[in-house]
Amino acid sequence: MLAMQHFDTCHLLTLASIATVAILLIQGCRKLGNPANSLLTTPLAYLCFLSFPATLISWSLATTESTLENTVPLHLCDLASFACGFALLTRHKTMCELAYYWGLAGTVQGLLTPVIAYSFPHPLYLAFFWQHGVVVITALLLPLGLGWRPRKNSVLRIFLITQLYVVVAMSFNFAAGTNYGFLSAKPKTASLLDLLPAWPYYILVMEVICLAIFGLLYLPFRTKSLK
């Protein structure tokens, strides 16, 4: 089985495939309009919900050792996939904001520097890009295909929710010896976190970067946000 190599031919083709699906869905929703676009968004929502069970199955196929970090959906991308599913089905304002900000500020990084050891067609590879792909597709589809707009103060709101996640994940990590959110240590494989200082200082830098990216993601809607 081939080892995962960042930006090799397989990785680039996978990214291109995800981008293509996103473009087709955005164009399809624009053409269909409401409520017909549910023909496209409903299947995508269920793909979001099913992505974590698919990850569990892929882990069971890859190893006989079951760990908390493989079975509890506490990585930010796990939560983002659930938020995306609910956002597509309900258009709940906070769920849409979580899908948008978490998807484009966090999950994109996972697509660019995936923390997996195996390449295509290993089940872990397929499950990883399934989960991360549907999150990013949803984050793009909401504003570009469905006309969704974030509310005023959405940056602060989602940043505070993210801080709640940090507290919960760090507490769980301390109690269970896990590394959810990579808040206990940097990934063992290469990632963008390698550019940041050592633990725990990189967490503070991540917080600043997170808030800055949230602010940049809000800029296109600054004059059009909902009250």
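The values are calculated or read from the model by the stated rules, or taken from the named source; none is laboratory data. The model shown is predicted, which means the values in this text are computed figures rather than measured ones. Calculation scope for accessible area: heavy atoms of the full protein, side chains included, ligands and nucleic acids excluded. Shrake-Rupley method; radii C 1.70, N 1.55, O 1.52, S 1.80 Å.
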Worksheet item: How would Phe86, Phe174, Phe129 rank on accessible area, largest to smallest, probe 1.4 Å?
Response: Phe174, Phe86, Phe129
Worksheet entry | Relative contact order (%) - region 9-221, alpha-carbon pairs under 8 angstrom, separation at least six | 24
Practice prompt. Could you count how many Lys pairs in the chain have their Cα atoms under 20 Å apart, skipping same-chain pairs fewer than 8 positions apart?
Written response: 5
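Could you state the accessible area per residue of region 9-221 in Å², with a 1.4 Å probe and every protein chain left in place?
Result: 49 Å² of accessible area for each residue.
Sort Arg30, Arg91 by accessible area with a 1.4 Å probe, largest first.
Numbers: Arg30 155, Arg91 90 Å².
Result of the area sort, largest leading: Arg30, Arg91.
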Worksheet, complete the sentence: Excluding ligands, DNA and RNA, the carbon-plus-sulfur percentage of the accessible area of the chain with a 1.4 Å probe reads 71
Discussion item. Given the whole protein assembly as supplied and a 1.4 Å probe, what does the accessible area of Ile209 come to in Å², nearest 10?
Written reply: 70
Worksheet, complete the sentence: Given (i) 55, 43, 31; (ii) 46, 36, 28; (iii) 60, 38, 28 as possible values of Cα extents along the principal axes in Å, the one from the coordinates is (ii)
Worksheet item: Counting each DSSP H run of 4 or more residues in the chain as -39500 (n - 2.57), what helix-only mean residue ellipticity at 222 nm follows after dividing by all residues, to the nearest 500 deg cm²/dmol?
Response: -21500 deg cm²/dmol
